[in-house]
Protein chains: 2
Amino acid sequence: MSAAATGRATAERPIADLSRLSLNTATTKAWTLEQAVEGAVRAGLPALGLWRDRVAEAGLEQAATLVRDAGLRVSSLCRGGFLTAADDAGIAAALEDNRAAIVEAATIGTRELVMVVGGLPAATGPNSPASADADRDLVAARQRVEDRISELAPFAEEHGVRIVLEALHPIFAADRAVLSTLGQCLDMAEPFPAQTVGVVVDTYHVWWDPDLRRQIARAGETGRLASYQVCDWNLPLADDPLLSRGFMGDGFIDFPTITRWVAETGYAGDVEVEIFNQQIWDAPGDETIATMAERYTRLVQPYL
Amino acid sequence: MSAAATGRATAERPIADLSRLSLNTATTKAWTLEQAVEGAVRAGLPALGLWRDRVAEAGLEQAATLVRDAGLRVSSLCRGGFLTAADDAGIAAALEDNRAAIVEAATIGTRELVMVVGGLPAATGPNSPASADADRDLVAARQRVEDRISELAPFAEEHGVRIVLEALHPIFAADRAVLSTLGQCLDMAEPFPAQTVGVVVDTYHVWWDPDLRRQIARAGETGRLASYQVCDWNLPLADDPLLSRGFMGDGFIDFPTITRWVAETGYAGDVEVEIFNQQIWDAPGDETIATMAERYTRLVQPYL
């Protein structure tokens, strides 16, 4: 009798348990929200992580209905943030956009709004040269993020939404996010209630951190672990380093170990797969989901 | 009367004080050791940071004579390391190579041997794909580095040489160095005497670290701050990210702030400029030194 027939897993062919696997819509970038919903349902996935662009295309109310009617959970909304502007107009625009994102999260049916907090004022664009005379004061930029979070927290709380701070890999500290470690995110979250400001562990961004185990435990103890996102650190880096994310198993990350650390906290939420990678984007979505489910089943789920 | 004539600096044209500026020979890669010695002397620099390849080309004893006769200090020797091998042959080879590097440092006239500790066993080369089945255990790789340092420390002490642990930017954690933060290096150094195991602050690698000020202070307090290396974090990243290092001022790093933190420790050593950048390597060496001295004089020296 085969392992599948007996219901027992083998090392070669574990029984798929996808009950916590969430497809982030960035992974199947070519798909509309409707296609992503259908694809997730076809593959037996219970949840989606949504990007705001896909939600906006579909229309917010329609998107909420679409996902709800399909019986899917929304594991997170990506993304708010870009809070480092130093000028009044930039600050006002950032607050307005983030209040909109908070309303969108509540409407679409998730508590968790992931925040990419923005880079230095000297940044002229993603992976682009520094502006010659602009501000390189990293300490001050981080303080502005903290100030904006303070201003947004009451609004988030009113709407039952959590601001989820994302540490981005230090490769992005200049141009995309001045929050670089999980510990730093937890320090920033500390003054706020756990249900209002949380953190996400995204393996791509934090796998290298010598303090990772301790900070994951701290996120768990403080009730702030809002999301676990998995994808691999691939080399060589893509021309746009943001697109170097890969399927679990294709890069250098030790998923069993990090997943065990997450599981030790008692984290019971979904595991989102969020991959930016041109080659994967060019492949058929169903194929992408199949590979992602296979890798998850082998490298992540057994350690949850 | 001009500012230069009065001996007073202006914001536009500070008086050059190059008395602590060291040229790392990697910055003028096209030059032989002899050319680098002559170039440094021509520019009025007091010190060189040496790479082992340039020393080997010249011959160890000849290199020592050459540098000493020119009246130059040797601020550091780069580099030992690559200590993460897990197999007996790899461990033995690493120990042998690092003992040779320790002898070279003592002979060439520096106490400071900079160590790039090596990446994961799964690394197949710099910026290269992961080996499918090889070891991704980052925790174990870091432990092996600690074990090798323990084995090398007595030999270094006998030779009056300090093992200088270098945290590399987390972009290199997979393929080049599993030490990623200054705090981690200081933790690893702690069991050893300060004159035997130290750390280097290389702005390119650590500028993003939210804990940087505190760890620089700790390096100072514990007497382990062995070297201060400066160059900038340029974007876009080069195809080989190692070559994205730039002249101070061309990228995103806040040199006045970090230099003040280093100065607050009482650090009185040389400031090495170590830049890997193809465009700079293609330029005439004297021009490179002139630009480096101008940037140092404007962005680093006033804050020392």
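The values are calculated or read from the model by the stated rules, or taken from the named source; none is laboratory data. Worth saying up front: this structure is predicted, and the values here are computed from it rather than measured. Every residue, glycine among them, receives a Cβ derived from its backbone with ideal geometry; neighbour counts consider all protein chains shown. The accessibility values were calculated without ligands, DNA or RNA, using every heavy atom of the protein model including side chains. Shrake-Rupley method; radii C 1.70, N 1.55, O 1.52, S 1.80 Å.
Per-structure values
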read-out: Test: A:ASP97 is in contact with a strand residue (DSSP E or B) (Cβ under 9 Å, 6 or more places away or on another chain), free of Cβ contacts under 8 Å to residues at least 40 places away in the same chain and not small (Gly, Ala, Ser); value: yes
read-out: Filter pass, B:ASP133 being out of contact with any helix residue (DSSP H, G or I) (no Cβ under 7 Å at 6 or more places or on another chain) and either at pLDDT 95 or above or among the small types (Gly, Ala, Ser) (or both); value: no
read-out: Residue within region A:122-142 that is of a type in the set (A, V, I, L, M, F, W, C), assigned to a helix (DSSP H, G or I) and surrounded by fewer than 20 Cβ atoms within 10 Å (Cβ to Cβ) present; value: yes
read-out: Filter result for A:ASP270 (crowded, with 19+ Cβ neighbours inside 10 Å, in contact (Cβ under 8 Å) with a residue 40 or more places away in the chain, closer than 22 Å to B:ASP133 by Cα and not hydrophobic (A, V, I, L, M, F, W, C)); value: no
read-out: Yes/no for A:VAL145 being under 20 Å from the mean Cα position of the chain (by Cα) and either among the hydroxyl-bearing types (Ser, Thr, Tyr) or within 14 Å of chain B (Cβ to nearest Cβ) (or both); value: yes
read-out: Residue within region B:274-288 that is open to solvent by 10 Å² or more (accessible area, probe 1.4 Å) and either in contact with a strand residue (DSSP E or B) (Cβ under 7 Å, 6 or more places away or on another chain) or at positive phi (or both) present; value: yes
read-out: Subset of region A:189-215 that is more than 13 Å from chain B (Cβ to nearest Cβ) and under 14 Å from A:ILE258 (Cα atoms) - its residue that is surrounded by the most Cβ atoms within 10 Å (Cβ to Cβ); value: A:VAL201
read-out: Residue that is nearest to A:ALA122 (Cα to Cα) [pool: residues in region A:153-179 that are in a loop (DSSP other than H, G, I, E, B), open to solvent by less than 10 Å² (accessible area, probe 1.4 Å) and within 11 Å of chain B (Cβ to nearest Cβ)]; value: A:ALA174
read-out: Residue satisfying condition, being modelled with pLDDT of 95 or more, under 23 Å from B:PRO126 (Cα atoms) and open to solvent by 30 Å² or more (accessible area, probe 1.4 Å), within set B:LEU182, B:LEU243; value: B:LEU243
read-out: Region A:216-240, residues that are open to solvent by less than 10 Å² (accessible area, probe 1.4 Å) and at the interface with another protein chain (Cβ under 9 Å from one of its Cβ atoms); value: A:ASP232, A:TRP233
read-out: The listed residue being open to solvent by 40 Å² or more (accessible area, probe 1.4 Å), at pLDDT 95 or above and either within 20 Å of the chain's Cα centre (by Cα) or more than 30 Å from A:ALA122 (Cα to Cα) (or both), out of A:ARG68, A:ARG13; value: A:ARG68
read-out: Residue in region B:270-301 that is farthest from B:ALA30 (Cα to Cα), counting only those that are within 14 Å of chain A (Cβ to nearest Cβ) and assigned to a loop (DSSP other than H, G, I, E, B); value: B:VAL300
read-out: B:MET188 being at pLDDT 95 or above and not in a loop (DSSP other than H, G, I, E, B); value: yes
read-out: Search result, residues across region A:215-269 that are within 30 Å of B:ASP240 (Cβ to Cβ) and part of a helix (DSSP H, G or I); value: A:PRO241, A:LEU242, A:LEU243, A:SER244, A:PHE255, A:THR257, A:ILE258
read-out: Test result for A:ALA86, small (Gly, Ala, Ser) and either in a helix (DSSP H, G or I) or open to solvent by less than 10 Å² (accessible area, probe 1.4 Å) (or both); value: no
read-out: Cβ-Cβ under 8 Å pairs, at least 6 apart or on other chains, region A:129-144 side closer than 23 Å to B:ARG245 by Cα, far side modelled with pLDDT under 95 and surrounded by fewer than 17 Cβ atoms within 10 Å (Cβ to Cβ); value: A:ALA130/A:THR124; A:SER131/A:THR124; A:ALA141/A:ASP135
read-out: Given (1) over 23 Å from A:VAL178 (Cβ atoms); (2) among the hydrophobic types (A, V, I, L, M, F, W, C); (3) touching a Pro at 6+ places or on another chain (Cβ under 8 Å), index of the condition A:ALA43 fails; value: (3)
